[in-house]
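Just below is one structure, and these are the notes that go with it.
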Amino acid sequence: MQMSADGFVAGPEGQLDWMSMEMDPKQLQFLQQLTESMDTILLGRKMTDGFTTYWENVVNTQPESPEYPYAKIFVDTPKIVFSKTIKTLDGKNAEVENGDLVESVNKLKTKEGKDMIVYGGANFISELIKNNLVDEFNFFISPIAIGKGLRIFNDRFKLKIVNSTAFTNGVVLNQYKRLDD
């Protein structure tokens, strides 16, 4: 998840205009490895349209893009979109889940396979965190403070840093695991 240096994942109205799309080659390599380590993507409804449209566009029109290998994996991987309001959606390999979030994610966690990765807005991620459904965090900290906005943490809990990597574009990747209290 991208995060501002002052801990926000979006502006007060969900704005993402502060995010840098400039990618460092090492950052792209990490994203490629991350996507290769999973076989399911969990998405919040509000994030789905932008993500799906963006990555399908890269695959369909930009085969020379350095993002292409990552985009191809993203498009080809099964995506489960959690929503209380929609029943169907556009997008390759995407299905809607309208059931209870905790029950549905816990059921998915029992299946054989690779890791699951989550892309979603602040509310979706906050619900996953609140219900202890996130095992690892990958925060891409952008070198910008936005002053106010949406956060994903509503409670206190301990994290253990696993790795930290600085990229040439100023972004720092901090990887954490959640510690049991």
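The values are calculated or read from the model by the stated rules, or taken from the named source; none is laboratory data. Just so you know, these numbers come straight off a predicted model, no measurement behind them. Every residue, glycine as well, gets a Cβ built from its backbone with ideal geometry; the counts of neighbours run over all protein chains shown.
State all residues of the range 32-65 that are surrounded by fewer than 14 Cβ atoms within 10 Å (Cβ to Cβ) and either touching a residue at least 40 places away in the same chain (Cβ under 8 Å) or in a strand (DSSP E or B) (or both); if no residue qualifies, say none.
Within the range 32-65, Ser37 is the sole residue that qualifies.
Hey, could you check the range 143-175 for residues that are in contact (Cβ under 8 Å) with a residue 24 or more places away in the chain and hydroxyl-bearing (Ser, Thr, Tyr) and say which is surrounded by the fewest Cβ atoms within 10 Å (Cβ to Cβ)?
Top of the filtered list is Thr168.
Six or more apart or on different chains, Cβ under 8 Å: which pairs go from a residue in the range 94-116 that's more than 25 Å from Ile73 (Cβ to Cβ) to one that's among the basic types (Lys, Arg)? Could you list them?
Close Cβ pairs satisfying both conditions: Asn98/Lys84; Asn98/Lys87.
Please enumerate the residues belonging to the range 98-114 that are within 16 Å of Asp39 (Cβ to Cβ), within 19 Å of the chain's Cα centre (by Cα) and either hydroxyl-bearing (Ser, Thr, Tyr) or not in a loop (DSSP other than H, G, I, E, B) (or both).
Val105, Leu108, Lys109
Glu112 versus (1) loosely packed, with under 13 Cβ neighbours inside 10 Å; (2) in contact with a strand residue (DSSP E or B) (Cβ under 9 Å, 6 or more places away or on another chain); (3) not aromatic (Phe, Trp, Tyr): which is the lone unmet condition?
The single condition Glu112 does not satisfy is (2).
Give the residue, chosen from Phe153, Phe139, that is over 23 Å from Thr77 (Cβ atoms), outside the structural domain of Leu101 (by TED's automatic domain parsing) and not β-branched (Val, Ile, Thr).
So the residue among Phe153, Phe139 that is over 23 Å from Thr77 (Cβ atoms), outside the structural domain of Leu101 (by TED's automatic domain parsing) and not β-branched (Val, Ile, Thr) is Phe153.
Being in a loop (DSSP other than H, G, I, E, B) and either modelled with pLDDT under 95 or under 13 Å from the mean Cα position of the chain (by Cα) (or both) narrows it down to one of Ile86, Ile117, Ile146, Ile73, so name that one.
After applying the criteria, what remains is Ile86.
Only residues that are surrounded by fewer than 17 Cβ atoms within 10 Å (Cβ to Cβ) and either touching a residue at least 24 places away in the same chain (Cβ under 8 Å) or within 24 Å of Ser104 (Cα to Cα) (or both): list them for the range 70-79, please.
Taking the range 70-79 first, the residues surrounded by fewer than 17 Cβ atoms within 10 Å (Cβ to Cβ) are 72, 76, 78.
Once the filter is applied, which keeps residues that are surrounded by fewer than 17 Cβ atoms within 10 Å (Cβ to Cβ) and either touching a residue at least 24 places away in the same chain (Cβ under 8 Å) or within 24 Å of Ser104 (Cα to Cα) (or both), the range 70-79 yields Asp76, Pro78.
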